[in-house]
Amino acid sequence: MSEFKRVLVTAALPYANGPIHIGHLAGCYIPADIYVRFLRAQNKDVKFIGGSDEHGVPITIRAMKEGVSPQQIVDRYHEQIKHSFGQMGISFDIYSRTSSPVHHETAAAFFKKLYDDGLFEEKESEQYYDEKTNTFLADRYIIGTCPVCGNDNAYGDQCEKCGSSLSPEQLINPRSALSDAIPVKKNKTLVFSIAEL
Ligand SMILES: [Zn+2]
């Protein structure tokens, strides 16, 4: 094993849109916890950091389906997940949330620096749009039938039944996850991409 002065261990951040289950624990948190306990037993300087991922489309979609705010969803599941980890004895030194101000500030500082250094370019592009809710739709907000396995609830980026990577164009009978409206392509969305160097 390499000799590091300090060791930082982290494990995949669970999405705060549902409870964790035994598969999460077996595949991710228990192995990390065993490793951390092994290092601690050797008096290594180790920190085990985790947290709930409170940003992302699955949270927004769940909130819309339940008719509550995304904040209510993440507050509920962050507490539930944190409690489950505690009960399972997963020995995080810090279990935080991606919504903490320090994370917003740090992430924003990265992008602000890239922007200030002129590394972004602004472009116009076509994007799918939901005319019922007047919202541009990320690929994940578009649902339809998977052309590979026929699953009726495949996402515009991936079919979770057969694992195929998809684009919204490949879905059969695409519909908006927000309203069931048929997505239309609309222009004039500003997207930012890192300029070619
Ligand atoms: Zn499929």
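Please treat every number below as a calculation from the coordinates, not as lab data. Nothing here was measured: the structure is a model prediction, and the numbers come from that model. No Cβ is skipped: glycine too gets one built from the backbone with ideal geometry, and neighbour counts run over all protein chains shown.
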(request) Determine which single condition residue 115 fails, assuming it passes every other condition in (1) more than 20 Å from residue 21 (Cβ to Cβ); (2) assigned to a strand (DSSP E or B). (result) (2)
(message) So, in region 124-167, exactly how many residues are more than 14 Å from the ligand (Cβ to nearest atom) and within 21 Å of residue 64 (Cβ to Cβ)?
(response) 16
(request) Could you figure out which of (1) surrounded by 14 or more Cβ atoms within 10 Å (Cβ to Cβ); (2) closer than 22 Å to residue 78 by Cβ isn't true of residue 23? (result) (1)
(message) Cβ-Cβ under 6 Å, sequence separation 6+ or interchain: first residue in region 144-168 and closer than 17 Å to residue 130 by Cβ, partner in a loop (DSSP other than H, G, I, E, B) and more than 6 Å from the ligand (Cβ to nearest atom). Which pairs?
(response) 144/171; 168/156
(request) Select from region 118-156 the residues that are part of a strand (DSSP E or B), among the β-branched types (Val, Ile, Thr) and in contact with a helix residue (DSSP H, G or I) (Cβ under 9 Å, 6 or more places away or on another chain) and list them in ascending order. (result) 135, 142
